[in-house]
């Protein structure tokens, strides 16, 4: 006999549930046959809402509110009361067990028999919240947090030697991580490198690249030996021309984005038209490392999201040894929407590795990443869903715009805000419009989780895993879109911190360029000319301009001002023309495009500061050389950006802590 | 006749149709051009580079017209008429420095069009266009410099008056920064004495170079009859469609100043050809700036 109801019985069950007008937990009491092996199985007497009220776990008002939300959100009543934080999860699951007539087991106190776990099914366990618990007298006991789940039934369909016990979702996740953690960790690090080594940055430079580089260096050295003057002139002209093309390309992108029509716009009406009941589960990953102070702010920001809380699968992704942040997360006593994922220690200790780990535990249809100090606009998740609906099947990711909430703090934050405005308001929407690959920003990128898994997740060896992922999506034929929703972050207030962050970004861009240039022809066939232009002029151009800027500009400026005869031979008239154009058009572009970006964001007070952009670009060059040095000496090292340094953040931490 | 109860006067229907609207200036223009050609006013000395650049410019105009919502056929008709009727006669002057001249034409066109459409759907792009073109105009002939400066100053006033563009110096930075960079590049290098650098024809901007000679005006108008008719027809069309505005006014002022410059002799650096250029290119820009669809349709 099947442990599950036959189809006609199931229909009756559903009809009964519909007639009762209640959620699935409380309306499926007649499915006791599912739990036939449980010795304590008996038919539930009441709906779960009544039981929770009877047990004094929630008030009658909360029950009524939960029922109202249930109609709107289309979630189970239990998920709603848990998400609202009205009931302790342990007590809830105990009550739920009683409701279904199942035994409740605490997996921490009565851990499962690990030998029953099937490594190939770890992902299924995480997705559908069940675990093989123990086996006795030929009967396998399965611990589940969702006894009425269709997926659970499908998985065990046809098995007569199975019975179910109830446990909490957190116990399952905890035990799964304990048992499967090493495997998950290994997959998080090596899955891409093993399944798709061509796209992994595990090997920084491949042997053919080394040969090409070596031959190029020898050829350059020889030409400098035989013809030092002409070699210097040609090199000078080539670099200047390349830089000029990069500047002009960026100017063109900016001009495109000056139009109101550039970039996808999801209107308020479109957001309102979405039915909460139809919204899918949304996973939110928040990788954190040694950031206990900003946790309350993050929790507040995520609670303000305009999305059914019962459909949020928020995972605080913490490193195993980061006791302060883990303790801070526990102390906050967050509601059941939040889960703590502890990533086992392994190298490389990078954000993408942590995200890969958490990806294996994510249950949503879509997934997004926020940094600890992020403040997304409340309707961002809904806008992302609307964007996915509009863009169609081939869309793998939707990138939100990033900006800063503390632009006025000091010169560095002002310049950083200008740069981010330029990047996210001008460059990326224009790349989207031109259907070029979009190097993703670090956070607030919303993924179709199936496609993210299909491409192998993030590259843990690439320190700008986001930009790399954008290029990989393009190479595999997927599209990335931009959506008109902003996430506000904290701009770096300190120079050292800024250099660290920027050097990591530029090192990651170098990795991304090298990875995609392993097989240039293959890459060209995959992304066509537009993708190639984007990789070279946008990703490569950012690195090249950082590296070449002082090298090109300083001697030229010295020569223009002093007229020293030592440099004069290197600047014949054509090179001079390109140089002077670079100096004026290039720097003019840098300055003016920043002004336009400020105007687009209506940061009027920052327009004036755009005049200091050339100074900011010298810092960019410092970071570029640091990144280059690290690429050679420590390619996978993740330069941690310290958050929470802003004065505004300090104030908010105090406010959020008092609210929590 | 009972005037109070009479129906309101309406224009003939075909004239009001958007797609048919441009027929009026084009037809009139072609008529005059052919008439002028018949009496031998057509200068036939055509330099190959002028021919190439004139056709390139008209090709770009055709693309622009189509991108603005005109039909393929009408864009082609207008561009062809612009080429044969307006640009070719102007560009056939032997002493022409073709690249500079057509560069100036592009600047006048771009600035006029941007000023005309500013605030309709877009704000930032016209602003960026005008700022960029003003920067490039430093290298252009006198007529383009005059047009660019006048339009950008008016643009600044309009920005301050009707739109939120920050404090006055923020607006000024947004409009004038590229021009300042271009000017710095020129004058900085000249000051350093390192190279002989192109010198902008700023004499057109200096009022003391203008010596008004009223008697010369009829000669100019006669010589540029076709261009004047074209321009007048475009303005009339815009008036009928209630689209006339600041850009038309700016262009009329520019043309007036250029005519003054042209009659004042060589001291201003402005010639009759510059007036013709502004009439033709400015008129074309105003024609392009007419919405392809009536307002109520666009709103829908």
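The values are calculated or read from the model by the stated rules, or taken from the named source; none is laboratory data. Here the structure is a predicted model, which is why all the values come from computation and not from measurement. Don't worry about glycine lacking a Cβ; one is built from the backbone with ideal geometry, like all the others, and counts go over all protein chains shown.
So which of A:51, A:90 ends up being within 23 Å of residue A:363 (Cβ to Cβ) and either touching a residue at least 24 places away in the same chain (Cβ under 8 Å) or crowded, with 22+ Cβ neighbours inside 10 Å (or both)?
Numbers: A:51 fails: within 23 Å of residue A:363 (Cβ to Cβ).
Criteria check complete, one pass: A:90.
When you look at residue A:571, is it away from chain B (no Cβ under 11 Å) and buried (at least 17 other Cβ atoms within 10 Å of the Cβ), yes or no? Give the steps one after another, and end with the answer.
Numbers: away from chain B (no Cβ under 11 Å): no; buried (at least 17 other Cβ atoms within 10 Å of the Cβ): yes.
So residue A:571 fails the test.
Looking only at residues that are closer than 24 Å to residue A:315 by Cα and at pLDDT 90 or above in region A:148-171, which one is surrounded by the most Cβ atoms within 10 Å (Cβ to Cβ)?
The extreme case among them is A:167.
Test residue B:227 against the stated conditions and say whether it is modelled with pLDDT under 85 and loosely packed, with under 15 Cβ neighbours inside 10 Å.
So residue B:227 does not fit the description; no.
Looking at residue A:523, is it touching a residue at least 40 places away in the same chain (Cβ under 8 Å) and over 19 Å from the mean Cα position of the chain (by Cα)? So that I can check it myself, show each step before the final result.
Values: touching a residue at least 40 places away in the same chain (Cβ under 8 Å): yes; over 19 Å from the mean Cα position of the chain (by Cα): yes.
Criteria met by residue A:523.
Looking at (1) over 26 Å from the mean Cα position of the chain (by Cα); (2) more than 22 Å from residue A:297 (Cβ to Cβ); (3) surrounded by fewer than 19 Cβ atoms within 10 Å (Cβ to Cβ), which one does residue A:658 not meet, given that it meets all the others?
It fails just one condition, (2).
Out of (1) touching a helix residue (DSSP H, G or I) at 6+ places or on another chain (Cβ under 9 Å); (2) modelled with pLDDT of 90 or more; (3) within 25 Å of residue A:92 (Cα to Cα), the odd one out for residue A:304 is which?
It is condition (1) that residue A:304 fails.
Considering only region B:124-136, state which residues are within 17 Å of residue B:160 (Cβ to Cβ) and more than 8 Å from chain A (Cβ to nearest Cβ).
First pass over region B:124-136, keeping only residues within 17 Å of residue B:160 (Cβ to Cβ): B:124, B:126-127, B:130-131, B:134.
Residues satisfying the conditions are B:126, B:130, B:134.
Out of A:609, A:592, which single residue is assigned to a helix (DSSP H, G or I), crowded, with 22+ Cβ neighbours inside 10 Å and within 11 Å of another protein chain (Cβ to nearest Cβ)?
Numbers: A:609 fails: crowded, with 22+ Cβ neighbours inside 10 Å.
Within the list A:609, A:592, the selection yields A:592.
For every residue, the table says whether it meets (1) within 19 Å of residue B:139 (Cα to Cα); (2) assigned to a loop (DSSP other than H, G, I, E, B); (3) at pLDDT 65 or above.
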| residue | (1), (2), (3) |
| --- | --- |
| B:196 | yes, yes, no |
| B:204 | yes, no, no |
| B:243 | no, yes, yes |
| B:249 | no, no, yes |
| B:254 | yes, no, yes |
| B:283 | no, no, yes |
| B:286 | no, no, yes |
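Return yes when residue A:455 is surrounded by fewer than 24 Cβ atoms within 10 Å (Cβ to Cβ) and touching a residue at least 40 places away in the same chain (Cβ under 8 Å) and no when it is not. Don't jump to the end; show me each part of the working.
Numbers: surrounded by fewer than 24 Cβ atoms within 10 Å (Cβ to Cβ): yes; touching a residue at least 40 places away in the same chain (Cβ under 8 Å): yes.
Yes, satisfied.
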